[in-house]
Amino acid sequence: MHKKIIPSGGAMDKLDFANGLTAWNDLRFTAPRKLSPLATLAILIFSIILVPVTASAQPASADAAIETARQWLTLADSQQVDQMWEQSDALMKLKSEQGAWIKYVNDMRIRLGTSPSRRIWQSMEHQINNPSLPQGEFVGITFVSVYPKASSWERVSLIWKDEHWAPVGYQAGAVSAAAQ
């Protein structure tokens, strides 16, 4: 499964007519029916059983992924690249050599300058069980950042593991003049 999410002005910018919602009139409301005491008891018992299950499961939300990526990039902004490495998932540590990875991030920061004056997330790609990746749920979040020396795109890759998003990769490059 692969989804690309692009930020928009609001949650209800467009209605999805392709999925059967043809007009607001399709949403019909009727008066509730009175339930029998047995049905009410069954619903109550089911609710009591279901609540602990749903309360303990944290959804892999887009907001949480974006916040994790922002916090991780903030470590690079404050020259805490070693901390970035420590907060990374074991998958990244398996695929990258620590010294080379830290050098890559530091070199990128030297080319771009100190902390960005602005960082805006541009897009998010969501993938579940992609055949070219290990089993699991991944997101790639692309930011456009304005640094003192140049504007840059920055991409943070995350994996959903142990009920939270964990960084597994970082890439950056110059934004072309046409894209600015």
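Within region 100-116, track down each residue that is farther than 24 Å from LEU133 by Cα and assigned to a helix (DSSP H, G or I).
Those that are farther than 24 Å from LEU133 by Cα and assigned to a helix (DSSP H, G or I): LYS103, ASN106, ASP107, MET108, ARG109, ILE110, ARG111, LEU112.
Among what's in region 62-97 and is hydroxyl-bearing (Ser, Thr, Tyr) and assigned to a helix (DSSP H, G or I), pick the residue that is surrounded by the fewest Cβ atoms within 10 Å (Cβ to Cβ).
THR74
Among the listed residues GLN79, GLN83, identify the single one that is farther than 17 Å from TRP160 by Cβ and at pLDDT 95 or above.
GLN83
Rundown of residues vs (1) over 18 Å from ALA69 (Cβ atoms); (2) aromatic (Phe, Trp, Tyr); (3) over 19 Å from the mean Cα position of the chain (by Cα), yes/no style:
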{"residue": "ASP89", "(1), (2), (3)": "no, no, no"}
{"residue": "TYR104", "(1), (2), (3)": "no, yes, yes"}
{"residue": "THR114", "(1), (2), (3)": "yes, no, yes"}
{"residue": "MET124", "(1), (2), (3)": "no, no, no"}
{"residue": "GLY140", "(1), (2), (3)": "no, no, no"}
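Kindly check whether there is at least one residue in region 98-113 that is surrounded by fewer than 18 Cβ atoms within 10 Å (Cβ to Cβ), of a type in the set (Val, Ile, Thr) and touching a Pro at 6+ places or on another chain (Cβ under 9 Å).
No: zero hits.
The values are calculated or read from the model by the stated rules, or taken from the named source; none is laboratory data. Since the structure is predicted, the reported quantities are computational estimates derived from the model, not experimental observations. All Cβ positions, even for glycine, are placed from backbone atoms using ideal geometry, and neighbour counts span all protein chains on display.
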